[in-house]
Amino acid sequence: MSTAEAFPNSGIMGECVRTHDWAATPLGPTETWPQSLRTALSIMLSSAFPTYLAWGPELTSFYNDAYIPIMGDKPSGLGRPFPEVWSEVWDTIGPITHRAMQGEASYFEDLPLTLMRHGHPEATWFSFSYSPIRDETGGVGGVLCTVHETTERVRAEAALRESENKLAAILEQLPVGVGLVDPEGNIVLSNQILQQYALDKVPSRDPVQSERWRGYTPDGQRLSPSDYPSARALRGETVVPGIDFLVTLPDGQEIWTRVSAAPFRNTAQEGLGAAFVVQVVEREKRTEQELRESRARLQAAIDLVGLSPYTWNPATGALDWDAQLKAMWGLAPDAHVDHEVWLSGIHPEDRAQVDAALAHCVDPAGDGLYALEYRVIGIGDGIERWVSTQGRTTFEHGRPVAFMGAVLDITTRKRAEAALRESEERFRQFAENSSSTLWIMDFETMNLEYLSPAFEAIWGETVESTLGDPSRWSRFVHPDDRERARGALERVRLGDISTEEFRIIRQDGVVRWIRNTFFPIRDAQGRIRRAGGVAQDITRHDGRFVYVVDADEPSRQDLTRGLRDAGYDVRAFPSGKAFLEAAPELAAGCVVLDIRQIEAGELTIPRELKARRLGLPVIVLGDPKGDVTFGVRVMKAGVVDFLPVPYAPDELLAALASAAADISQADEQGQESNRARGRITEMPVREREVLEGLLAGQTNKQIGRVIGISPRTVETHRAHVMQRLGARTVPELVRIAALAGVQARPPVSRDERADKP
């Protein structure tokens, strides 16, 4: 068949094939071409899919009309060697072509290639397959490449990912929980704040979540899920300001939030999606009085995002504020604002930094940026608020001509930061003044990250020598008690809180008993990363602790020195306030209070100790100044002794000895009570029932009838109870049970118990 007769209806490239001078190519005249080439060429030219054919050892090129756009403005590749046509990417496609000529087919999806087809390097992506074509000998005569350029799709997907990443980054900067919802109510994008609520679907579309998210109207009526903000937004409504929800968090805690929502549509073909914002309003909802006093501030805080854009004319001082921004300055929505009004609301202590920032942003030599946080005192309401503002000045011919910025009310965050600092300071003071050791351990490294100062007095080691050493702390634990202590830590890993008592052996050979409460510390994702604990020295003391409270430093030092010389373990406090903050954690001991200085708090300490039921006897030192009733008032305040100044040292030591004896007696009773309580707790149910019967004054026969056993069995259990508590008589048994806090209960039979729900 001649070239003119071949490949009918094969388009532009078919005509090119028919008119090409093939005799000048390695393939020779078309009359000599093998049928396999003619067949492959016919299939390729008739295909609507971009296709390329390379034939023979020289890989002579053919391609169809659909392939022409891929060539761009390259010279025609027809009849030219494949490596020459696509020389710029031959390093990549050459090996693939070679494998095809060896009989191996290949497929690639979105393969990146840099092409020269429009006069410059161009990043492109292709999905294609290389298939070997067999000739009449059974060998591979050529390669058929079907091609689909995916450059536009790959670029669009990359742009979409970049857009989504930018949106996600923006959402993470917001101080509220933000989520995007598809038409079915699935949350497709959210920031970390919203993720803490463990939502996969909006509550209006999830019956389980709708029970955790309970919405209410302003007058307190429960909302139907169909009226939730997300449901309304998916119907096309914008819900601003938001609706209040009482939310049950995954850990069971309940908090108040405020939810706003707005609809959006990506394309005309898609259904409505929604954006929604969740803000915590716990304090406002829990305290109605505070809500009424700060209504204007809360109105500004409940906007969808909370940012107020504004403009300023540096030449005229004119300002354009919205109602939300005016409210931050304590102004009515229709109030006039200008440069002077703005300045008049700034807190006097912050005026200097605001002036400096303003001068910087209008300086043509600078960057024109304006960013700072400062306080505002409301012009109309006198309320102090914190605002965060950022903006930029526009310059023309070296002169500031315009300014655009935005303001966010950050009062809640600032108060939270102040509360956190205050909390941390309270923790520091508590830790530094506590007689118990507070500690924190990293589970990954098993290093102690924190030890309170009390550690050194109890363990006899410095904090610095122990921190960072994962084995040093555990080596102190008595060998017989180590397994129990390790077990407590393992339970903490699982989320349990446990208390264990164990012994430690100090470097100086002293053995101390420790009661340690172990508890888990979770990170922001709720994972247990650390363990914390409070270790209390419960080694029995004999009243040798003395706590000196004296506001006069020379007097305090003299008193401390004298008592230590007498063999007491002394801890001194410069004021009554400092002592009372530490009192709950102090070991049993006696308080020596010098009330001659007003900072000592006069008689506040004994009254407070009595009110709190803290068993720390108080000896007061003071000057009655001739008032004969002074000592009586002191004793009525709850002190155990009063020594008028001046006093003899022996008088103070005698008073301390008497108080120490009372402490020792109370300590013995306390230990006996703890032992009895522990033994009763360990009793089997049947023995506990017999004990309750004995405390109620019942006979063996009566007890047996109530609990459904024989009198002889009751007698056996009774003997076990007496032996377990170390009682020889029933009256002694009653005394021991009373120490443990166990009292007689009205007798209840087994049938009556079974009837109770």
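Remarks
- Of the residues screened, R161 is one that is surrounded by fewer than 18 Cβ atoms within 10 Å (Cβ to Cβ), free of Cβ contacts under 8 Å to residues at least 60 places away in the same chain and not in a loop (DSSP other than H, G, I, E, B).
- Of all residues in segment 253-270, those being surrounded by fewer than 11 Cβ atoms within 10 Å (Cβ to Cβ) and either of a type in the set (D, E, K, R) or modelled with pLDDT under 85 (or both) number 4.
- Among the residues of segment 603-648, those that are open to solvent by 70 Å² or more (accessible area, probe 1.4 Å) and free of Cβ contacts under 8 Å to residues at least 12 places away in the same chain comprise A611, R613, K625, G626, V628, V632, M635, K636, P646.
- Any pair with Cβ under 7 angstrom, 6 or more apart, that starts in segment 16-45 at a residue that is surrounded by 15 or more Cβ atoms within 10 Å (Cβ to Cβ) and ends at one that is of a type in the set (F, W, Y) and part of a helix (DSSP H, G or I): T30/W22
- Where a residue in segment 549-577 is under 16 Å from I619 (Cβ atoms) and assigned to a helix (DSSP H, G or I) and its partner, wherever it lies, is of a type in the set (G, A, S) and modelled with pLDDT of 85 or more, with Cβ under 7 Å and at least six apart: R556/A572; T560/A572
- Looking across segment 63-86 at every residue that is in a loop (DSSP other than H, G, I, E, B) and touching a residue at least 40 places away in the same chain (Cβ under 8 Å), the one that is surrounded by the fewest Cβ atoms within 10 Å (Cβ to Cβ) is identified as D73.
- Where helices (runs of 4 or more DSSP H) fall wholly inside segment 322-372, the ranges with 1 or more residues that are open to solvent by less than 70 Å² (accessible area, probe 1.4 Å) and farther than 16 Å from L408 by Cα are 339-344, 351-361.
- Of all residues in segment 111-121, those being open to solvent by less than 30 Å² (accessible area, probe 1.4 Å) and in contact with a strand residue (DSSP E or B) (Cβ under 8 Å, 6 or more places away or on another chain) number 2.
- Qualifying residue in segment 53-62 (condition: at pLDDT 90 or above, open to solvent by 20 Å² or more (accessible area, probe 1.4 Å), among the charged types (D, E, K, R) and not in a loop (DSSP other than H, G, I, E, B)): no
- Identity of the residue in segment 585-609, assigned to a helix (DSSP H, G or I) and modelled with pLDDT under 80, that ends up farthest from A535 (Cα to Cα): I598
- Flag if A418 is within 30 Å of L586 (Cα to Cα), in contact with a strand residue (DSSP E or B) (Cβ under 8 Å, 6 or more places away or on another chain) and modelled with pLDDT under 90: no
- Residue identified as over 19 Å from S658 (Cα atoms) and hydrophobic (A, V, I, L, M, F, W, C) among L614, L586: L586
- Residue within segment 643-656 that is in a strand (DSSP E or B), over 48 Å from the mean Cα position of the chain (by Cα) and at pLDDT 80 or above present: yes
- Per the conditions (1) touching a residue at least 60 places away in the same chain (Cβ under 8 Å); (2) open to solvent by 70 Å² or more (accessible area, probe 1.4 Å); (3) not aliphatic (A, V, I, L, M), the sole criterion not satisfied by Q173 is (1).
The values are calculated or read from the model by the stated rules, or taken from the named source; none is laboratory data. All values derive from a computational prediction rather than experimental measurement. We place every Cβ from the backbone using ideal geometry, glycine too, and count neighbours over all the protein chains shown. Protein only, heavy atoms only, side chains kept; ligands, DNA and RNA dropped before computing areas. Shrake-Rupley method; radii C 1.70, N 1.55, O 1.52, S 1.80 Å.
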